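Scroll down for the structure; my scribbles are underneath it.
Coordinate-derived values only; no laboratory data. None of the values given here were measured: they were computed from a predicted structure. Positions of Cβ are backbone-derived with ideal geometry, glycine not excepted, and every protein chain shown enters the neighbour counts.
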There are 4 protein chains.
Amino acid sequence: MARRRKTPARVSHEVDIAVQFYDVDPMNIVWHGNYVRYLEQARSELLQRIGFGYLEMNEAGYAFPVVDLQLKFVRSAAFGQTVRVKASLIEWENRIRIDYLVYNIETNETLTKGQTTQLAVELKSGDTQFDCPAILLERVAAML
Amino acid sequence: MARRRKTPARVSHEVDIAVQFYDVDPMNIVWHGNYVRYLEQARSELLQRIGFGYLEMNEAGYAFPVVDLQLKFVRSAAFGQTVRVKASLIEWENRIRIDYLVYNIETNETLTKGQTTQLAVELKSGDTQFDCPAILLERVAAML
Amino acid sequence: MARRRKTPARVSHEVDIAVQFYDVDPMNIVWHGNYVRYLEQARSELLQRIGFGYLEMNEAGYAFPVVDLQLKFVRSAAFGQTVRVKASLIEWENRIRIDYLVYNIETNETLTKGQTTQLAVELKSGDTQFDCPAILLERVAAML
Amino acid sequence: MARRRKTPARVSHEVDIAVQFYDVDPMNIVWHGNYVRYLEQARSELLQRIGFGYLEMNEAGYAFPVVDLQLKFVRSAAFGQTVRVKASLIEWENRIRIDYLVYNIETNETLTKGQTTQLAVELKSGDTQFDCPAILLERVAAML
């Protein structure tokens, strides 16, 4: 059964991203859609650390498409700043749910909050799975 | 007071988007983050039709940053397909809320559902406003 | 033998692209890297018109990666403008070379000039080919 | 007078970039247009190291739009790899010309070669300048 962890997420990962010129819009702030790239960068590294990155997913016979994405934009980031993205694994038994906090590395202020949900799809059949593969559960267990 | 319209949104706009090669990821489907561009294309045209596009917002002294974005990915789109994005104005008094439906133009199947919320920011002061400028209300009223 | 056509290219295609907010940088002009997307949109439609789009290439057993890209930025484009991209097939016997002209639809002024070169790669062997597949030559011949 | 340096460029900078899932196309390789982002990331850091980053340019009263971009794609990069981009300052007196070498960090193989040319534009007048501001020449001289 999927459980929302009541305790603080123990499997998390942080990545620092320097805001690039091409990320910034005419309002002189990061265009909101670019945070999807920032989140993916943090998610990708988090899953690699767990030992279940995209390449390992594929070897295990699965893909994990994002089925839900939510973003709240609290404050803006400007060119020249570095933002830190913290990705925390919240669910991993029936689906992968990751929560994100993007914050200004100097002021510690929250810029953006996000969450993504991914479902396992068996590559051979193309069928969506309602339980995550055992290998993911084992690898997460090893980190807790 | 912000009201969710009970009646079907009467102010809406549809845009057709041909899926490009650069939109598609190694799974041969549109990378989920690219839907943020698709939504913005529809939103931009909808707001222009209302007579309150980004340039008109600026002339009126406001910007409308996206403060909330939600996306549900139901089915995937592939290179060579054309998707239709329907953007519907749901709220416009205290904030701009737009709902989106992305669907396959041939099968009529829903691909993605989305919503964005934008708040008015007065350009001069930088202050977030909790009512939309009168000009927006007038222009929406003229369309209903 | 590859021949640069002395006569004006007879196989060409134009596509109109509305500059989006997400295309524009803090200088209020289209970020130069986004023209690569504009070019690809025109190239993709040109190749489809010839009957040798990416899907048809793959069915024929080939991919055509871009091996060379050149862009000259003459004038800038702003949000709210529509640009027209004209893509012209220049070479197709040994490689695909396409030239591009991006211009302002209202003033007729040239914004950007570009060219791309693509080489055939046989999907089965992964080998680069120094002649284009016969099917491309036939389809181009049919259009001249 | 603009001089192409005969000696190896002494002002250069390297940046490592992990190829992201969203950078990769259906051929399982980095989409060619994404190298424009990779180059800009290296260029931006190089100019900052010189003490003439985008923010310093603006303070000095100038922008430096890219007027020419050339890219040769030699080998492909895949998801999971890290590429190194070396940016070298080649001209700085009349215009900024930077050459780029993108290579595979493990095999040392060249993936992409590039060059960009930027011209100074005075922000106040909007006029293109045919000499770079003295401040750039001083800062480059200090690094040689």
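Using bins of 10 Å that start at zero, the share of Cα-Cα pairs per bin across the stretch B:57-104 amounts to 19, 41, 26, 13, 0, in whole %. The label point for A:Glu106 and the one for D:Glu14, both projected 7 Å from the Cα toward the Cβ, are 2.9 nm apart.
Over chain A, DSSP H runs of length four or greater, each weighted -39,500 (n - 2.57), average out per residue to a 222 nm ellipticity of -6500 deg cm²/dmol. Charged neighbours of D:Ala60, selected by a Cβ distance under 14 Å, balance to -3 (K, R count +1; D, E count -1). Using only Cα coordinates, the Kirkwood hydrodynamic radius of the stretch A:13-52 works out to 11.1 Å. Look at the Cα gyration tensor of the protein assembly as shown: its axes a ≥ b ≥ c give a/c under 1.5, and that counts as rounded. Mean partner shielding of peptide A:26-39, defined as the number of other chain Cβ atoms within 10 Å of each residue Cβ, is 6. For B:Lys124 and C:Glu93, what does the FRET efficiency come to when R0 = 45 Å and r is the distance between their Cβ atoms, rounded to the nearest 0.05? Here the calculated transfer efficiency is 0.15. When you work out D = kT/(6 pi eta Rh) for chain B at 4 °C and 1.567 mPa s, using the Kirkwood radius from C-alpha pairs as Rh and the Stokes-Einstein form, the result is 81 µm²/s.
Less than 11 Å Cβ to Cβ from C:Met143, Lys/Arg counted +1 and Asp/Glu -1: what total charge do the surrounding residues give? Within the 11 Å Cβ shell, the charges total +2.
The coefficient of translational diffusion for the stretch B:86-144, derived via Stokes-Einstein from the alpha carbon Kirkwood radius under 10 °C and 1.306 mPa s, stands at 120 µm²/s. In this assembly of identical copies, the label point of D:Val74 (Cα plus 7 Å along Cα-to-Cβ) is separated from its counterparts by 3.2, 4.6, 4.9 nm, sorted shortest first. Full extension of the segment from C:Ile135 to C:Ala78, taken as 0.36 nm per residue of separation minus the current Cα-Cα distance, would add 16.5 nm.
Counted by neighbouring Cβ atoms within 10 Å, the residues D:Leu39, D:Leu144 run from fewest to most as D:Leu144, D:Leu39. Among the residues of A:56-69, the average count of other protein chain beta-carbon atoms within 10 Å of the residue beta-carbon is 3. Inter-part distance, the stretch A:16-67 to the stretch C:73-144, computed on C-alpha centroids, equals 31 Å.
The packing ranking, built from the mean of other Cβ atoms within 10 Å per residue, places the peptides B:24-34, B:97-107, A:117-127 in the order B:24-34, B:97-107, A:117-127, highest first. Under 13 Å from the Cβ of C:Arg75, count the other residues' Cβ atoms, weight Lys and Arg +1, Asp and Glu -1, and hand me the total. Around C:Arg75, the surrounding residues sum to 0. Counting, for every residue in A:102-114, the Cβ atoms of other protein chains within 10 Å of its Cβ and taking the mean gives 0.
In this structure, the pairs whose alpha-carbon distance is over 27 Å, taken from B:Lys86/C:Lys86; B:Lys124/D:Lys124; C:Lys113/D:Lys113; C:Lys124/D:Lys72, are B:Lys86/C:Lys86.
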